[in-house]
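Enquirer: The structure's right below; bear with me while I get my questions together.
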Amino acid sequence: GCVLTQIDFFAWPTDDVWVRDNGPVFVFEKNDNNNSQLRITNWLFNGWGNKADDYYCNYIPLKVGQALGIPVIDVPMVNEGGSIEVDGRGTLMAKKSSILNSNRNKGWTQQDAERFFQHYLGVSNFIWLDGKPGADITDDHIDGTARFAKHGDTTCIVTFYKEDFLDPREYKVLQKAKDINGNPYKIVHLPCTKHKLKGMGGEYGIYVNYYIGNQVVVVPAFDDPNDQVAAEILQQLYPTRKVVSIDFSEVYRDGGLVHCVTQQQPKAKT
């Protein structure tokens, strides 16, 4: 049902499919006339701490910028798109296990990373979770644990139930988190799958790694009873969009979900 004239296809060599991590991160930059112009920030990518090949992936932001005619800003900091989550109002959420890991930015302090995020992403309020180094190839990205969502005038943090956290202390951090104005976030809980997934070493499936489009929210499905439960919760959270469940079992076995293989591009402002 897609209108193919609204889709552009580019065929470029990559080392892997995870464009959330190696692809362009779009931002708006204000010029001297106070007008916002679309830009691409090109962060360094080193295969999640030199665990995977990265040569071709590192060229993807540049190629996207050239193809779309959008200026590219090189950022001298290792960072993956799945490592960060922003609420659009000045707050960034991240895990120390990936960003402050010695296999990414050796010797960096939390303050060093915050200065870069403040300069290149325009954020000044930070929510840091410890994360678990070595939990997976990403060293535990934030997009597998918590997401921001806007429901009416309320900004929410979408995450697991407390009992589903590897480290319950992270749940407490999210409970106490406040936005740039000092207001608490509303916590919205998504379940994990009811059953353990086949071929996943006893792991459960997660739904928090969803993708927000213009008219839809794409949520992973696993042929599990909780697929519908998660979809209904997200439909209430995004009433102006249609929630679409798509089976992502095979992609999950490969190491990621729908958020990991997508990267949104905002509409250029005029």
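The values are calculated or read from the model by the stated rules, or taken from the named source; none is laboratory data. Just so we're clear, the structure is a prediction, and the values are computed from it rather than from any experiment. Cβ sites come from the backbone with ideal geometry, for glycine too, and all protein chains shown count toward neighbours. Quick note on the areas: whole protein, heavy atoms, side chains included, nothing else; ligands and nucleic acids left out. Shrake-Rupley method; radii C 1.70, N 1.55, O 1.52, S 1.80 Å.
Enquirer: Only one of these conditions is not met by VAL217: (1) under 17 Å from the mean Cα position of the chain (by Cα); (2) modelled with pLDDT under 95. Which number is it?
Expert: Every listed condition holds for VAL217 apart from (2).
Enquirer: Working carefully through the options TYR185, TYR207, TYR171, TYR161, find the one that is of a type in the set (Phe, Trp, Tyr) and open to solvent by 30 Å² or more (accessible area, probe 1.4 Å). If you could, list the steps in order and put the result at the bottom.
Expert: Numbers: TYR185 fails: open to solvent by 30 Å² or more (accessible area, probe 1.4 Å); TYR207 fails: open to solvent by 30 Å² or more (accessible area, probe 1.4 Å); TYR171 fails: open to solvent by 30 Å² or more (accessible area, probe 1.4 Å).
Step by step, each of TYR185, TYR207, TYR171, TYR161 is checked, and only TYR161 is of a type in the set (Phe, Trp, Tyr) and open to solvent by 30 Å² or more (accessible area, probe 1.4 Å).
Enquirer: Next question, about the same structure. Search segment 143-195 for residues being among the small types (Gly, Ala, Ser) and outside any loop (DSSP other than H, G, I, E, B), and hand back the single one that is farthest from PRO225 (Cα to Cα). Walk me through how you get there before you give the answer.
Expert: Within segment 143-195, the subset among the small types (Gly, Ala, Ser) is 144, 146, 149, 152, 177, 182.
Filter once more, so that each one left must be outside any loop (DSSP other than H, G, I, E, B): 144, 149.
Values: GLY144: 20, ALA149: 24 Å.
Top of the filtered list is ALA149.
Enquirer: Take the residues in segment 87-138 that are among the aliphatic types (A, V, I, L, M) and under 23 Å from ALA149 (Cβ atoms), then tell me which one is surrounded by the fewest Cβ atoms within 10 Å (Cβ to Cβ). Working first, answer last.
Expert: Step one: filter segment 87-138 for residues among the aliphatic types (A, V, I, L, M), giving 92-94, 99-100, 113, 121, 123, 127, 129, 135, 137.
Checking which are under 23 Å from ALA149 (Cβ atoms) leaves us with 92-94, 99, 121, 123, 127, 129.
Values: LEU92: 23, MET93: 26, ALA94: 26, ILE99: 26, LEU121: 17, VAL123: 20, ILE127: 22, LEU129: 22.
Top of the filtered list is LEU121.
Enquirer: Just one of the numbered conditions (1) open to solvent by less than 60 Å² (accessible area, probe 1.4 Å); (2) touching a strand residue (DSSP E or B) at 6+ places or on another chain (Cβ under 8 Å) is not true of GLY144; which one?
Expert: In the conditions (1) open to solvent by less than 60 Å² (accessible area, probe 1.4 Å); (2) touching a strand residue (DSSP E or B) at 6+ places or on another chain (Cβ under 8 Å), GLY144 misses (2) alone.
Enquirer: Looking at segment 54-65, can you tell me whether even one residue there is on the phi < 0 side of the Ramachandran plot, among the β-branched types (Val, Ile, Thr), modelled with pLDDT of 95 or more and open to solvent by less than 20 Å² (accessible area, probe 1.4 Å)? Write out each step before concluding.
Expert: At the first step, the residues of segment 54-65 found to be on the phi < 0 side of the Ramachandran plot are 54-65.
From what's left, among the β-branched types (Val, Ile, Thr): 60, 64.
From what's left, modelled with pLDDT of 95 or more: 60, 64.
If we keep only those that are open to solvent by less than 20 Å² (accessible area, probe 1.4 Å) too, we end up with 60.
Within segment 54-65, one or more residues are on the phi < 0 side of the Ramachandran plot, among the β-branched types (Val, Ile, Thr), modelled with pLDDT of 95 or more and open to solvent by less than 20 Å² (accessible area, probe 1.4 Å).
Enquirer: May I ask you to verify whether ILE180 is within 20 Å of ASP153 (Cα to Cα), open to solvent by 60 Å² or more (accessible area, probe 1.4 Å) and in contact (Cβ under 8 Å) with a residue 40 or more places away in the chain?
Expert: Values: within 20 Å of ASP153 (Cα to Cα): yes; open to solvent by 60 Å² or more (accessible area, probe 1.4 Å): yes; in contact (Cβ under 8 Å) with a residue 40 or more places away in the chain: yes.
Spelling it out, ILE180 is indeed within 20 Å of ASP153 (Cα to Cα), open to solvent by 60 Å² or more (accessible area, probe 1.4 Å) and in contact (Cβ under 8 Å) with a residue 40 or more places away in the chain.
Listed here are the residues, each with its yes/no results for (1) among the acidic types (Asp, Glu); (2) within 30 Å of LYS30 (Cβ to Cβ).
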residue	(1), (2)
TYR210	no, no
GLY213	no, yes
VAL219	no, no
VAL229	no, no
PRO239	no, no
VAL244	no, no
ASP247	yes, no
GLY256	no, no
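Enquirer: Same structure, new question: I'd like the residue in segment 239-260 that is in a loop (DSSP other than H, G, I, E, B) and not basic (Lys, Arg) and, out of all such residues, is nearest to ARG147 (Cα to Cα).
Expert: We begin by selecting, within segment 239-260, every residue in a loop (DSSP other than H, G, I, E, B); these are 239-241, 248, 255-257.
In the following step, the residues that additionally are not basic (Lys, Arg) were identified as 239-240, 248, 255-257.
Working: PRO239: 17, THR240: 18, PHE248: 19, GLY255: 19, GLY256: 16, LEU257: 14 Å.
If we take residues in segment 239-260 being in a loop (DSSP other than H, G, I, E, B) and not basic (Lys, Arg), then LEU257 is nearest to ARG147 (Cα to Cα).
Enquirer: Something else about it: Output the number of residues of segment 205-235 satisfying the condition of being part of a helix (DSSP H, G or I) and without any contact (Cβ under 8 Å) to a residue 40 or more places away in the chain. If you could, list the steps in order and put the result at the bottom.
Expert: Of all residues in segment 205-235, those part of a helix (DSSP H, G or I) come to 226-235.
Now narrow it down to the ones that are without any contact (Cβ under 8 Å) to a residue 40 or more places away in the chain: 226-229, 231-232, 235.
Counting residues in segment 205-235 that are part of a helix (DSSP H, G or I) and without any contact (Cβ under 8 Å) to a residue 40 or more places away in the chain gives 7.
Enquirer: Kindly indicate whether VAL75 is under 24 Å from ARG147 (Cβ atoms), in contact with a helix residue (DSSP H, G or I) (Cβ under 7 Å, 6 or more places away or on another chain), in contact (Cβ under 8 Å) with a residue 24 or more places away in the chain and open to solvent by 60 Å² or more (accessible area, probe 1.4 Å). Full working, then the answer.
Expert: Values: under 24 Å from ARG147 (Cβ atoms): yes; in contact with a helix residue (DSSP H, G or I) (Cβ under 7 Å, 6 or more places away or on another chain): yes; in contact (Cβ under 8 Å) with a residue 24 or more places away in the chain: yes; open to solvent by 60 Å² or more (accessible area, probe 1.4 Å): no.
For VAL75, the condition - under 24 Å from ARG147 (Cβ atoms), in contact with a helix residue (DSSP H, G or I) (Cβ under 7 Å, 6 or more places away or on another chain), in contact (Cβ under 8 Å) with a residue 24 or more places away in the chain and open to solvent by 60 Å² or more (accessible area, probe 1.4 Å) - is not met.
Enquirer: Looking at segment 121-135, I want the residues that are on the phi > 0 side of the Ramachandran plot and have a partner that is hydroxyl-bearing (Ser, Thr, Tyr) and open to solvent by 60 Å² or more (accessible area, probe 1.4 Å) with Cβ atoms under 9 Å, at least 6 apart or on another chain. Which pairs are those?
Expert: Within 9 Å, no pair qualifies.
Enquirer: Report whether or not LYS198 is outside any helix (DSSP H, G or I), open to solvent by 70 Å² or more (accessible area, probe 1.4 Å) and under 28 Å from VAL27 (Cβ atoms). Before you say what the answer is, go through the steps one by one.
Expert: On the way: outside any helix (DSSP H, G or I): yes; open to solvent by 70 Å² or more (accessible area, probe 1.4 Å): yes; under 28 Å from VAL27 (Cβ atoms): no.
No: the conditions fail for LYS198.
Enquirer: Please find, among PHE26, PHE10, the residue that is under 16 Å from the mean Cα position of the chain (by Cα), farther than 17 Å from ILE99 by Cα and open to solvent by 20 Å² or more (accessible area, probe 1.4 Å).
Expert: Numbers: PHE10 fails: under 16 Å from the mean Cα position of the chain (by Cα).
Matching residue, one of PHE26, PHE10: PHE26.
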